[in-house]
Amino acid sequence: MIRMSDPFGGNFDPRMFEQVPLFRELARVMSWTKGPVNWDLAGETASSMTTDTTPRTDRDEQEFSDAVHVAELWLDQATGLPAVAGPVRALTPRQWVEMAATDTGLGLLVEPLAAGMGRALSQNMPEQLRAMEGQPGFADALRQSFGAMGAMMYGVQVGTIAGNLSGQLLGAYDLGVPVLDARTVATIGDHHERFAEDYDVEPAELRHWLALREACFRRMWAGVPWLQPHLSGLITEFATAAEFNPDQLMEQFGAGGLDPSNLESLSDALGGSDFAVEPTAAQQQVLGRLQAMVAFVEAYAEIVVHGAAGTRLGALDRIEEAMRRRRAAQGPGEQTLHQLIGLDLLPRQVRDARAFCDAVIAARGHEGLDRVWHDAAHLPAAEDFGDPSRWLLRMAAIELEPPADGDTPTR
């Protein structure tokens, strides 16, 4: 006789679920153990959103490489930061996704926070499951499952970010921070060509302007030895100060109606405001320092690129105005990244940071501003943007200090 409690009539075989897409994909996703972000899922999600409308050719890459070579010569006259050698690429959107949707790409920005959420899920089980912790093997299996769920969430969100960004970025440094190898400069798709057409700019002029911007950011992020580690340190500090409520996270997972076999539904479910990060009070303090640094780097690049271009680019004013408008209207990639880690990578402080740089240059020249690159302690704070004299006095006091034993003066 078949018992009512056994719908399979005593012939249950778990392998029957292997042919069901939902369960097959769920098993694959839940077996992830390679870190706090499921990068396989991130790549698949991003690829599903990416199209290569115009192939890139060797000629495209050569033209941009020639522009970067010229840009380096111009930059030598506008900044004390030395040139940095590295790859020059003309990437398709799909190629950019393959490089950026990785632990060494966008992972540098996202993984510290993802790791914190994974620990919160695996170490603090929701209240409704704590009563079952005593069962043999249950706690370990559940923690592994929660870690995989957190990795799935971030994988889909990062993949969504990368997919959106691949359709809008002009170059590798469009976000102002490195999401590829810091030595790599690149164009992404034909976006810069369409940008030139939209704003009635000669493609060659836009290409040279973009080469200046890319090469300037490379000099900072790949050439200043402490800059990228300092960014990573601030992001890690920001992540450490985060607070996650495992009960609330589980409610969000359940309310999302998640289907691992449907990347579009996963992207919609996990990309909503329910999964936004609300910075804690401690995070807000770190965020202020982080955004001030990003704003200064962006402002410094603007000033150096403007000075290097000089009268060489007739459309410079139009290009800069178009870029200001573009920054004001953030695309879905920047919006999602802001939502995901709480960081506005194109902060409104850029204008204030630009005024700070102009004031320092007026008082001490470009060499005075370049003192920032000697040490992370020389970075201006947000308060310095409104009162550059504070920073100038601080630098003057440092100059009066005798060098420590073994120190080598920097130029």
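Inside the stretch 168-216, can you point out the residues that are assigned to a loop (DSSP other than H, G, I, E, B) and touching a Pro at 6+ places or on another chain (Cβ under 6 Å)?
Start the filter on the stretch 168-216 by keeping residues that are assigned to a loop (DSSP other than H, G, I, E, B), which leaves 168-170, 172-184, 189-190, 199-202.
Those that are assigned to a loop (DSSP other than H, G, I, E, B) and touching a Pro at 6+ places or on another chain (Cβ under 6 Å): T184, G189.
P225: without any contact (Cβ under 8 Å) to a residue 12 or more places away in the chain, assigned by TED's automatic domain parsing to the domain that holds V37 and more than 17 Å from E302 (Cβ to Cβ), yes or no? Quick ask: steps written out before the conclusion?
Details: without any contact (Cβ under 8 Å) to a residue 12 or more places away in the chain: yes; assigned by TED's automatic domain parsing to the domain that holds V37: yes; more than 17 Å from E302 (Cβ to Cβ): yes.
Considered against the rule, which asks whether it is without any contact (Cβ under 8 Å) to a residue 12 or more places away in the chain, assigned by TED's automatic domain parsing to the domain that holds V37 and more than 17 Å from E302 (Cβ to Cβ), P225 comes out as yes.
Going through the stretch 365-382 one residue at a time, which ones are touching a helix residue (DSSP H, G or I) at 6+ places or on another chain (Cβ under 7 Å) and either buried (at least 18 other Cβ atoms within 10 Å of the Cβ) or in a helix (DSSP H, G or I) (or both)? Explain how you work it out, then say what you get.
Narrowing the stretch 365-382 to residues touching a helix residue (DSSP H, G or I) at 6+ places or on another chain (Cβ under 7 Å): 368-369, 371-372, 376, 378-382.
Correct list: G368, L369, R371, V372, A376, H378, L379, P380, A382.
What is the one condition in (1) touching a Pro at 6+ places or on another chain (Cβ under 7 Å); (2) under 23 Å from V70 (Cβ atoms) that T236 does not satisfy?
T236 satisfies all of (1) touching a Pro at 6+ places or on another chain (Cβ under 7 Å); (2) under 23 Å from V70 (Cβ atoms) except (2).
Could you list all residues from the stretch 75-124 that are buried (at least 18 other Cβ atoms within 10 Å of the Cβ) and among the hydroxyl-bearing types (S, T, Y)?
T79, T92, T102, S122
One line per residue, one yes/no per condition, for (1) at pLDDT 95 or above; (2) touching a helix residue (DSSP H, G or I) at 6+ places or on another chain (Cβ under 7 Å); (3) not in a loop (DSSP other than H, G, I, E, B); (4) not assigned by TED's automatic domain parsing to the domain that holds E278:
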position	(1), (2), (3), (4)
F64	yes, yes, yes, no
V70	yes, yes, yes, no
A90	yes, yes, yes, no
M99	yes, no, yes, no
L109	no, yes, yes, no
L113	no, yes, yes, no
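For the stretch 217-231, give me each residue that is closer than 14 Å to V304 by Cβ and over 18 Å from the mean Cα position of the chain (by Cα). Reasoning before the result, please.
Filtering the stretch 217-231 down to residues closer than 14 Å to V304 by Cβ leaves 217-221, 223-224.
Matches in the stretch 217-231: R219, G223, V224.
If you check L392 against the conditions, is it hydrophobic (A, V, I, L, M, F, W, C) and either part of a loop (DSSP other than H, G, I, E, B) or at pLDDT below 95 (or both)? Before you say what the answer is, go through the steps one by one.
Working: hydrophobic (A, V, I, L, M, F, W, C): yes; either part of a loop (DSSP other than H, G, I, E, B) or at pLDDT below 95 (or both): no.
Taking the combined requirement at face value, the residue does not satisfy it.
In the stretch 53-65, how many are of a type in the set (D, E, K, R) and either surrounded by 15 or more Cβ atoms within 10 Å (Cβ to Cβ) or in contact with a Leu (Cβ under 7 Å, 6 or more places away or on another chain) (or both)? First the steps, then the outcome.
Of all residues in the stretch 53-65, those of a type in the set (D, E, K, R) come to 56, 58-61, 63.
If we keep only those that are either surrounded by 15 or more Cβ atoms within 10 Å (Cβ to Cβ) or in contact with a Leu (Cβ under 7 Å, 6 or more places away or on another chain) (or both) too, we end up with 56, 60-61, 63.
The number of residues fulfilling the criteria is 4.
Give all pairs with beta carbons closer than 6 Å in which a residue from the stretch 233-244 that is farther than 13 Å from L109 by Cβ meets a residue that is crowded, with 16+ Cβ neighbours inside 10 Å and of a type in the set (A, V, I, L, M, F, W, C); count only pairs at least 6 apart in sequence or on separate chains.
Listed by first residue and then by second, the contacts come to E237/V286; F244/M117; F244/A120.
Going by the conditions given, is T57 modelled with pLDDT under 95, over 30 Å from G150 (Cα atoms) and out of contact with any helix residue (DSSP H, G or I) (no Cβ under 6 Å at 6 or more places or on another chain)? Reasoning before the result, please.
On the way: modelled with pLDDT under 95: yes; over 30 Å from G150 (Cα atoms): yes; out of contact with any helix residue (DSSP H, G or I) (no Cβ under 6 Å at 6 or more places or on another chain): yes.
Criteria met by T57.
The values are calculated or read from the model by the stated rules, or taken from the named source; none is laboratory data. Quick caveat: nothing in here was measured; it's all calculated off a predicted structure. With ideal geometry, Cβ positions are generated from the backbone for all residues, glycine too; neighbour counts draw on all protein chains shown.
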